[in-house]
1. Would you tally the residues in the range 156-201 being within 18 Å of Arg287 (Cβ to Cβ), among the acidic types (Asp, Glu) and either part of a helix (DSSP H, G or I) or over 25 Å from the mean Cα position of the chain (by Cα) (or both)?
2. Could you grab me the full set of residues in the range 323-337 that are of a type in the set (A, V, I, L, M, F, W, C) and part of a loop (DSSP other than H, G, I, E, B)?
3. Does Thr300 qualify as being out of contact with any Pro (no Cβ under 6 Å at 6 or more places or on another chain) and open to solvent by less than 10 Å² (accessible area, probe 1.4 Å)?
4. State which residue is nearest to Val207 (Cα to Cα) when the search covers only the range 46-70 and only residues that are in a loop (DSSP other than H, G, I, E, B) and at pLDDT 50 or above.
5. Quick one: which residue in Phe153, Phe211, Phe140 is touching a residue at least 60 places away in the same chain (Cβ under 8 Å) and not in a loop (DSSP other than H, G, I, E, B)?
6. With the requirement that a residue be of a type in the set (Asp, Glu), more than 17 Å from Thr359 (Cα to Cα) and crowded, with 16+ Cβ neighbours inside 10 Å, what does the range 248-286 give you?
7. Within the range 128-153, track down each residue that is open to solvent by 30 Å² or more (accessible area, probe 1.4 Å) and closer than 20 Å to Ile91 by Cα.
8. Could you grab me the full set of residues in the range 337-368 that are over 16 Å from Ser313 (Cβ atoms), of a type in the set (S, T, N, Q) and surrounded by 17 or more Cβ atoms within 10 Å (Cβ to Cβ)?
Amino acid sequence: MKTIKKTLTAALLCTALLSSGCAGNAGNSQGPDSTESGQSASENTNGKPSAPDPKENESESSELYAMDTVMSLTAYGSHAREALDAAGAEIQRLDKLFSISSETGDIYRVNRDGQGDLSEDTRSLLASALEYGKETNGIFDCTIEPVMEAWGFTTQNYRVPSDAELTELLSHVDASTVTLSGSHVTLPEDVKLDLGGIAKGFTSARVMEVFREHGVTSGIISLGGNVQTLGTKPDGKQWRVGIQDPKDLNSMFAVVEVSDEAVITSGAYQRYFEENGVHYHHIIDPRTGYPAESGLTSVTIISPDGTLADALSTSLFIMGPDDASAFWQNHRDQFEAIMMTDSGEVLVTSGLADRCKVTNGGKVRVIS
């Protein structure tokens, strides 16, 4: 008997509340915060105060489907609608470029031919993926796609591969064998690329650029639960993002305050199937070919760099609490983290101490 489950990712639970702040208590949603309009009037070139633009506190929102997920975008200001339209077009363009199944995209073509020239966006994303592979000693591996496919996580044809099949597939999983020279990439025989592990993080950062180009200074997006914020809320307060509780998917176990940062979570509860009573989740350890059994059930990364946050949420999950904590200690200038162990203990890096509230009443340990 096989049961298939694909849940909303962590911060997506709060999509309806993101622009106004998530609930302070798990499972108890509060109404939207009132928008404060008491900002100081700006001065014009004649030295006289000018009236604030009433549209600066007004929001526009849009929703689209791309990268195999529902995405929601919210921007504030007089140019919000134009910004959202441009952002939607950019998301669709990047989706086709990075997709392993789009015949007009770079990754599909390179996987088919074993080599090829890349667009600047794909080259930049692949360069980041290869760098993260080195930084994590191979735990982040952008050539894991054949193993993901064997489990059915890329095709939805879920099954449990045999040990022999996984051993054979893992012989073709090694990002260090990929050669990137300028914009040209070369793959060894039977090695395939899949940049899905960081594509949404890269895309969310690009959306922030599009917002800025259109004069938007306040916005928030959720790309399938990958949340990224621009500036603060129009009232000057930080955005409040809730982290989904793996033990109660209708609740949050933590709320974090952010501005100009991404909040990205990887969890064993997000995509999985069950067969013969065994739970198989989608976070595959490239060292074994099996779903990671690391002692962690949820990892959230907070960073100004959405691409990095996307890569590290998966990588730290696979590492487990001790190695993940040590990795943060060596890279504390790049990101913060919130991690929940299998036992329910919540680990919070010290840089979040004054802007993260654990709301489920469980044990909390600060990593310093």
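The values are calculated or read from the model by the stated rules, or taken from the named source; none is laboratory data. What you are looking at is a predicted structure, and each value in this text was computed from that prediction instead of being measured. Counting neighbours? That spans all protein chains shown, and the Cβs are built from the backbone with ideal geometry, glycine included. To get the accessible areas, we keep the full protein, side chains included, count just its heavy atoms, and leave off ligands, DNA and RNA. Shrake-Rupley method; radii C 1.70, N 1.55, O 1.52, S 1.80 Å.
1. Qualifying residue count for the region: 3.
2. Our first condition is that a residue be of a type in the set (A, V, I, L, M, F, W, C); within the range 323-337, this holds for 324, 326-328, 335, 337.
Of everything in the range 323-337, just one residue is of a type in the set (A, V, I, L, M, F, W, C) and part of a loop (DSSP other than H, G, I, E, B), namely Phe335.
3. Numbers: out of contact with any Pro (no Cβ under 6 Å at 6 or more places or on another chain): yes; open to solvent by less than 10 Å² (accessible area, probe 1.4 Å): yes.
When the stated conditions are applied, Thr300 passes them.
4. Step one: filter the range 46-70 for residues in a loop (DSSP other than H, G, I, E, B), giving 46-48, 50-53, 58, 67-68.
With the extra rule that they be at pLDDT 50 or above, the set shrinks to 53, 58, 67-68.
Values: Asp53: 24, Glu58: 19, Met67: 14, Asp68: 17 Å.
Applying the filter and picking the extreme gives Met67.
5. Values: Phe153 fails: not in a loop (DSSP other than H, G, I, E, B); Phe140 fails: not in a loop (DSSP other than H, G, I, E, B).
Exactly one residue qualifies, and that residue is Phe211.
6. Keep residues of the range 248-286 that are of a type in the set (Asp, Glu), which gives 248, 257, 260-261, 274-275, 285.
Subset that is more than 17 Å from Thr359 (Cα to Cα): 260-261, 274-275, 285.
Once the filter is applied, which keeps residues that are of a type in the set (Asp, Glu), more than 17 Å from Thr359 (Cα to Cα) and crowded, with 16+ Cβ neighbours inside 10 Å, the range 248-286 yields Glu261, Asp285.
7. The one that is open to solvent by 30 Å² or more (accessible area, probe 1.4 Å) and closer than 20 Å to Ile91 by Cα: Ser128.
8. Thr359, Asn360
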